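The next block holds one structure in the form of structure tokens; read it before the comments.
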Amino acid sequence: MTNSLAVRAEGLTKRYGPLTAVDGISVQVGEGEVYGILGPNGAGKTTFLRMLFGLVRPDAGVLEVFGRTWSRDGTATLDGVSGFIESPRFYPYLSGRRNLQVLAGLDGGVPAGRVAEVLDVVDLTGREDEKVAGYSFGMRQRLGVAASLLREPRLLVLDEPANGLDPAGIRDMRALVGRLAASGLTVLLSSHDMDEVEQICDNVTIMKQGSVAYHGGIADLRRQAPPQAHLLTTSDDDAAAALAAGRPQLSVTASQGRLAVRGTQSAVDFYVSTIVRSGIAVRSLTLGEAPLEALFFLLTESGPESGPESWPRPGLDPAASVAGGRA
Amino acid sequence: MTVTTSLPSARRCLAPAAGVLAVVGLVVGLTAAGSPDVTRARVERSLTPSFTRLYVDQQRVLGHEVPAASVAARSACDRGGPQVADVGAGADWICLVDFTDQTGVHQQGKFELQVHANACYTAAGPAKLLGGFTIPDTRGRDVTNPLSAFDVCFDPDA
Amino acid sequence: MSTDAARGIRPGPGTRRAAAAPRRAGTWAAYRWELVKLAALVRTRATLATVLVLPPLVVLLLRGQRAPADTLFGRHVHDSGFAVPLLLLGFAAQYVFPLLTSVVAGDVFAGEDQHGTWKTLLTRSVSRSQVFWAKTGAAVTFAAAALVLLTASSTVASVLLVGHQPLTGLSGQSIPAPHAAVLVVGAWASTAFPLLGFTALAILLSVRTRNPALGVVGPVVLGLLMGLAGSLGGTGWLRRALLSTPLEAWHGLFTATPFAGPLVQGAVVSLLWTAACLAAAHRSLCRRDITGG
């Protein structure tokens, strides 16, 4: 990892009337990193990316892309930056190839033959002379990625690239993003899917209602995630819960009509056999959400600040803290 | 969610309201300024030479070569009677043109003018004196009478 | 996805260019690509085709009819081939000119909003200002092309079908053929200034309303209203400040002593309108937050 930063934001704020879409966030993306911006819909991810692309003017704060800012350097800020916001849109009355030619012409310095190359990368060869009006959603997503590759980008910004695709399309898109990341580009990916981010990204910023709820490495995040819960339904939940009271290394909480049992495997085994022996029947025992997904929901749930203190975490260091919040 | 105070609604309306006021003021100012484009002098000064030329053309069609100088036309125009000022566009302009016809007799034709705001007018000539819509040419064919109705434009700044 | 994707992610050896400061596309390149986009639109080609085909049809239609007396030179359409283009000019000045340009200029910006492509366009290496001027240039180019085609079509069709007889001017004088031809072309050419003004007006509406329908219809409605206001009497200098007035300034070419006052005033007024509308539109585009497409 180099010392230079691809993207640096500090105290970045954007308000639309009474609504604050982005509230003083700070983000640092190093060159060569694969960085995820995660958050539920309305968290401000897209607004942040729009500010990066100069589509929207921030109200306060600093935003630098490879050391350049919009106010000082203008359109030069986008040198080496490619990508798309939400689902990419093209001119429906032009063919796919024509659309790319127009965009390549506006990019400047795109060598001849590059259009055919990128069409091949995203597997649209053969359909490029049809009008975009007849493209499927997945084809337009791929054309958007193709448009992003026209000039050699140093930073690739993808806003929910798998959004709206069918499972095969999602798998292919993730594979493509993975290959792009492996080729040395800095990739900035925004998503509401923790699973996708976990697979590809090194570092992540989790946003909630315009603020940063967490930023740091994926590995750190995994370490701080609450352990996976087992979901238990029994014939008498109250009695079962009472049986768990006072046991070390075991935490049983009621969750959505079921019991969430957390603890080491042996503790859970012992607990299940105990409740069966006391005459309570076990109706189902399944694994709950993946730890990171659970963590994601905890971090981004609205309401009073849901911080690490509220996580049920038997046997772990309660002083473990999460870096993040407002810089 | 952080809620910030927005501009009070009164201030929000200020800029467009000022813009509308400015435009209205400009329109009113422009309308009040300047002198009328259509004046009696301009109408008379443009009608006289036009009539002369068209009379010469008409006489040529009928077979008489009349020199323009001998027509000696003079126009006197009036809009809508003594009560109405002789300025401005309208369909109520009446012009009396005194001229010497090709036989040397003094004649007076009454023309009805429809004057438009763009400094142009359509003049309709007296049918009894100067012929109707068509006149017979030297070969007996009916051709359009150049004097029955004709268009004239004048310089609004002359 | 292609299995050779890894190779295609970076430009292949055949297309590698010398590593240098990134070359950015200029306004000229953006302008050329706007023309490409315009040429692909049906409405552009349809308008130019109509402009080419309609005047000869009108000339043929007029042949069997009584000469229309309500428009200048209408009464002479059977007497001289130079009267029909002026009749068409008078008619177009009232109803056609704003539409002739707004059909493209009213959509050139609002179309991006309609297709949601601002975010695609503005994330390239061109600034908003460059995009603005490129689109303005393309709209003006189209308007100029339409005007030239309409002039040529009207004049050539009438002279061929009716003849090149001398024209009766606006002081009763007779204008011989070669001179009449020059004056007719000059009259059409004089409408370039107000046409530019209406183009700028359509661009302003296109940028502000972001609605192609309003951008196209707005200038037509405004043109009609201005024409109405201009035809009222007693409006002092207001008439000279309207954008519809210069469309009639060509009358001064056809009097016995030609006068150029309205032509000069009309050109100045049109340029002022153009400057004001383009300045407002430019500012609006450069300051806008693109939150949708």
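Only the coordinates and a few stated rules stand behind these numbers; no lab work does. This structure is a prediction, so every number in the text was calculated from the model and none was measured. For neighbour counting, all protein chains shown are included, and Cβ atoms are generated from backbone atoms with ideal geometry for every residue, glycine included.
Take every Cα pair under 8 Å in chain C that's 6+ residues apart, average their separations, divide by the length, and report that relative contact order as a whole percent. Rounded, it is 24 percent for chain C. Of the three principal axes defined by the Cα atoms of chain C, the extents in descending order read 79, 42, 32 Å.
Both the radius of gyration and Dmax for chain A are 23.6, 77 Å, in that order, over alpha-carbon atoms. Listing A:Arg127, C:Arg45 from fewest to most neighbouring C-beta atoms within 10 Å gives C:Arg45, A:Arg127. Between A:Thr274 and A:Asp238, the C-beta separation translates, for a Förster distance of 22 Å, into a calculated FRET efficiency of about 0.90. Hey, if you put +1 on the Cβ of every Lys and Arg and -1 on every Asp and Glu Cβ in the range C:25-287, which of C:Leu87, C:Gln130, C:Ser158 ends up farthest toward the positive end of that dipole? Of C:Leu87, C:Gln130, C:Ser158, it is C:Gln130. Semi-axis lengths, largest first, of the ellipsoid equivalent to the range B:13-158 are 41, 16, 12 Å, with √(5λ) applied to each eigenvalue of the Cα gyration tensor. Couplings for the range B:74-88, taken from phi via the Karplus curve 6.51 cos²θ - 1.76 cosθ + 1.60 with θ = phi - 60°, read 9, 10, 10, 10, 8, 9, x, x, x, 6, 9, 5, 8, 9, x Hz in order; Gly and Pro are left as x.
Once the Cα atoms are used to define both axes, helix C:83-95 deviates from the longest principal axis of chain C by about 50 degrees. Here the range A:230-288 is treated as an ellipsoid with the same Cα gyration tensor; its semi-axes, largest first and in whole Å, are 14, 13, 11. Counting only other chain Cβ atoms within 10 Å of each residue's Cβ, the peptide B:144-150 averages 3. Counting only alpha carbon atoms, the long axis of helix C:261-287 and the longest principal axis of chain C meet at about 20°. Distance distribution note for the range C:137-186: the fraction of Cα pairs above 13 angstrom is 64%.
Since only C:Ala276, C:Gly26, C:His76 are under comparison, the one whose Cα sits farthest along the positive direction of the charge dipole of chain C, derived from C-beta charges on Lys, Arg, Asp and Glu, is C:Gly26.
On the principal axes of its alpha carbon atoms, the range B:22-78 extends 62, 19, 16 Å, with the longest extent given first.
Need the list of lysines near A:Lys131 for cross-linking: C-alpha distance under 25 angstrom, and skip anything on the same chain fewer than eight residues off. In chain and number order, the partners are C:Lys37, C:Lys119, C:Lys135.
Summarised in one figure, the compactness ratio Rg/Rh of the range B:91-158, Cα atoms and Kirkwood Rh, is 1.04.
Look at the alpha carbon pairs under 8 Å that are at least 6 residues apart: their mean separation over the length of the range A:5-222 gives a relative contact order of 30 percent. If you take the square roots of the eigenvalues of the alpha-carbon gyration tensor of the range C:171-255 and sort them as a ≥ b ≥ c, do you get rounded (a/c under 1.5), prolate (a/b over b/c) or oblate? Because a/c hits 1.5 or more and a/b fails to exceed b/c, the range C:171-255 counts as oblate. With Rh defined as the Kirkwood radius, the inverse of the mean 1/r over Cα pairs, the Rg/Rh of the protein assembly as shown is 1.20. Footprinting exposure proxy ranking of B:Asp37, A:Asp172, B:Asp142, B:Asp92, fewest other C-beta atoms within 10 angstrom first, gives B:Asp142, B:Asp92, A:Asp172, B:Asp37. Each residue of the range A:79-229 gets 134 Å³ once the volume of the Cα convex hull is shared out per residue.
Taking the Cα centre of the protein assembly as shown as origin and assigning +1 to Lys and Arg Cβ atoms and -1 to Asp and Glu Cβ atoms, the resulting dipole is close to 820 debye.
As an equivalent ellipsoid, the range A:20-126 spans semi-axes of 29, 17, 14 angstrom, where each value is the square root of five times an eigenvalue of the C-alpha gyration tensor, largest first.
Each 5 Å bin from 0 upward holds the following percent of the Cα-Cα pairs of the range C:80-198: 2, 10, 17, 17, 13, 11, 9, 6, 6, 4, 3, 1, 0.
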